[in-house]
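This report refers to the structure that appears directly beneath it.
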Ligand SMILES: Cc1cc2nc3c(=O)[nH]c(=O)nc-3n(C[C@H](O)[C@H](O)[C@H](O)COP(=O)(O)OP(=O)(O)OC[C@H]3O[C@@H](n4cnc5c(N)ncnc54)[C@H](O)[C@@H]3O)c2cc1C
């Protein structure tokens, strides 16, 4: 049985059902997909927005092939655009995904030298070296940190990669390699997305978060899922159904009993209570939710707190930029960075640490529809509508926990201010308007995200991302999905190497189950077969 039908639960279900097991998924929400969902957020308009997650980098080709998924992940022509004011003039650092010359020239205009661009490439060379050695191991059992380290002990770049990314706070390497504040900040944002950290954080949370942003499919490139993130969930849902998995939504789980050889789940659908026994229980929601059902105290690490603010918008038109040399469509097609200077983000982190909303809020913004407009109806496309996503940083859960309504409103206003400083016309003027006169804008704080999905304190990775190797002896050789209970496994982002739209923990939990079955079958053939993941009784 699989509890929760996020994309990882669906990956696990697909592998297990295809292996011939009987699989039942139970989901609390009225839809399948968890944080990978596209929804008609503004009911008056035929626009299907990726409500939570929106870009894909970490979903392995192997899972796509194994499960026969029909996914198109499309490259964005622009990598990033970072507006700035220099000598009283509005400009922008424009990093292209298709023309290195354009990127080099733009970096030269910002810094006045050619070395910063080369240094940035050298810095990213470290994460490339890391990705080369790590990526293929993500779908294998864990190896120890020491064994991992030795794999890097082959040349100076690899040793430097290990040191800079695993052993010392990321801020040191950034400051060693890069001189320009805006470039440093641009690089560091990948270390902060979704978590509350700073360049010299001794917990190395920033390093772990950064690595997850840079190793995907060995390139670290973030692509747009054609059809929106919901297309990923739909493909997985179909793969699971085709394998024979069953799914139930609107389920209220009452209790779990995990102490016997089989687990049993007591739940309710449409007021009807039932108990189902299962040989294996795979848990797609986080450790916090599992602890609640087991009546255990959840003991989070201080790094587990989420820090995110998401604004989903529907635009009547893409706003024009103050930096007139750039077309808005080029700037918003990639990741548009606002208030993300390195020193500025130290200030916003400090202010949020003290329990207040930072004066200047850092965020990144982009328009999915400039790369894939299939999420809009033909009429909206024709009229020039676009969707816009804003992902805000330095907004930890603690700021919203006491008065979510008031703080959400305040944060929303500040994020719009953050964006408006770069725009010829206020973003509000470009938003679509609902029939009742409301602007088509929806904000989600960490409190809202926890309410909707159960993610601990709104942590978009369920809890803090982990390094991709075993840190404790007993983890070596394990899949990183194990719990204190023999037949209960984590199949979601809470597992080691979980986090992001990757399917990796879903795959690894399925492999764990199949490994156990295969060992048991080799000891006593014919004991197991269809019907073992969930045996129902009402
Ligand atoms: C705002 C936001 C933006 C993000 N952006 C990106 C991005 O662009 N790219 C990226 O790679 N990652 C992104 N992420 C992270 C990524 O979406 C998640 O890490 C990933 O989707 C989690 O998948 P999962 O299957 O492990 O868990 P989830 O999607 O969290 O699924 C868990 C499921 O369990 C269900 N559940 C919870 N409690 C119960 C219960 N009591 N009973 C039954 N079911 C329950 C939930 O409803 C949910 O369906 C983002 C996340 C958020 C929130």
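FYI, it's all coordinate maths here, none of it is from the lab. Here the structure is a predicted model, which means the values were calculated and not measured. Cβ coordinates were reconstructed from backbone atoms using ideal geometry, including for glycine residues, and neighbour counts include every protein chain displayed.
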Item checked: Computed Kirkwood radius, in angstrom, where 1/r is averaged over Cα pairs of the stretch 239-375 -> 20.5
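Divide by every residue of the chain the summed helix terms, -39500 (n - 2.57) for each DSSP H run of at least 4, and state the resulting mean residue ellipticity at 222 nm, rounded to the nearest 500 deg cm²/dmol. It would help to have the intermediate numbers written out before the result.
Details: 18 runs with 185 residues, N = 538.
The helix-only estimate for the chain comes to -10000 deg cm²/dmol at 222 nm.
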Note to self: I need the P(r) histogram for the stretch 400-491: all alpha carbon pairs, bin width 5 Å from 0 out to the longest distance, whole percents.
What the structure shows: 2, 10, 13, 14, 14, 12, 9, 7, 7, 6, 4, 1
Check: When a footprinting reagent is the concern and you count Cβ atoms within 10 Å, what order do 345, 407 take, fewest first?
Finding: 407, 345
Notebook entry, point to check: Which whole number in µm²/s is D for the stretch 172-273 by Stokes-Einstein, with the Kirkwood Rh taken over Cα pairs at 4 °C and 1.567 mPa s?
Noted result: 70
Notebook entry, point to check: log10 I(q)/I(0), Debye, Cα-only the stretch 312-361, no solvent, q = 0.16, 0.17, 0.18, 0.29 Å⁻¹?
Noted result: -0.66, -0.71, -0.75, -1.03
Check: Once the principal axes of the Cα atoms of the stretch 337-439 are found, what is the range along each, listed largest first in whole angstroms?
Finding: 47, 31, 24
Checklist line | Extent along principal axes [Cα atoms of the stretch 258-315; Å; largest to smallest] | finding: 49, 33, 19
Notebook entry, point to check: By counting other Cβ atoms within 10 Å of each Cβ, how are 254, 507, 457, 368 ranked from fewest to most?
Noted result: 254, 457, 507, 368
Check: Once the principal axes of the Cα atoms of the stretch 37-84 are found, what is the range along each, listed largest first in whole angstroms?
Finding: 38, 36, 16
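Assuming 1.002 mPa s and 20 °C, estimate D for the chain with Stokes-Einstein, Rh taken as the Kirkwood radius over Cα pairs, in µm²/s.
Numbers: Rh = 24.0 Å.
Rounded, D is 89 µm²/s.
Plugging the Kirkwood radius over Cα pairs into Stokes-Einstein for the stretch 83-212, at a temperature of 10 °C and a viscosity of 1.306 mPa s, what D comes out in µm²/s? Numbers along the way, then the final one.
Numbers: Rh = 16.1 Å.
Answer from the Stokes-Einstein relation: 99 µm²/s.
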Margin query: Can you tell me the mean projection area, over all orientations, of the convex hull of the stretch 1-125's alpha carbons? Units nm², please.
Written below: 12.6
